[in-house]
Amino acid sequence: MNTPFESRTLVNGGMLKQFVGQTVSIMVRVESVAGSTLLANSTDNHKLRISLPSDLGAPEGSWVEVIGVPNTGDVIRGKEVIEFGGEKIDFDTDSYNAMTQLLNNVKQFYRYG
């Protein structure tokens, strides 16, 4: 039996305030991990504090996708964290930020393809 993905919105750090209490997906760069708390920077350079659902083995400087629920504009309760192979990833933050703007400002286009 296939379990469908939970509906979520792709965002960057500047958009989090608009989605408090809703499930989001955000790409962040790891600054540090202390116990169950991840300190990270979003693709648009917002500093975020993320409570982790489990241990995270990603080194400082690596990119991870966090799926979770923002409590405020800079705090996220993480449900899942997806690691992307360490700090050697050349992640295009400008394109990611443009994509999040497009998907959230032209919803009919995204909904109907």
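The residue of the stretch 75-94 that is most open to solvent (accessible area, probe 1.4 Å), among those that are charged (D, E, K, R), at pLDDT below 95 and not in a strand (DSSP E or B), is Lys88. Scoring Gly21 on the criteria (1) in contact with a Ser or Thr (Cβ under 9 Å, 6 or more places away or on another chain); (2) at pLDDT 95 or above; (3) open to solvent by less than 80 Å² (accessible area, probe 1.4 Å); (4) part of a loop (DSSP other than H, G, I, E, B) leaves a single failure, condition (1).
The set of residues from the stretch 18-76 being among the small types (Gly, Ala, Ser) and under 11 Å from the mean Cα position of the chain (by Cα) comprises Ser25, Ala40, Ser42, Gly68. Taking the listed residues Leu38, Leu16, the one that is in contact with a Pro (Cβ under 6 Å, 6 or more places away or on another chain) and not charged (D, E, K, R) is Leu16, with no other qualifying. Report yes if Glu31 is of a type in the set (Asp, Glu), open to solvent by less than 40 Å² (accessible area, probe 1.4 Å) and either touching a helix residue (DSSP H, G or I) at 6+ places or on another chain (Cβ under 7 Å) or in a strand (DSSP E or B) (or both), otherwise no. The answer is no for Glu31.
The values are calculated or read from the model by the stated rules, or taken from the named source; none is laboratory data. All of these numbers come straight from a predicted model, not from anything done at the bench. So basically every Cβ, Gly included, is an ideal-geometry build from the backbone, and we count neighbours across all protein chains shown. Each accessible area value is taken on the protein alone, full model and side chains, heavy atoms only, with ligands, DNA and RNA left out. Shrake-Rupley method; radii C 1.70, N 1.55, O 1.52, S 1.80 Å.
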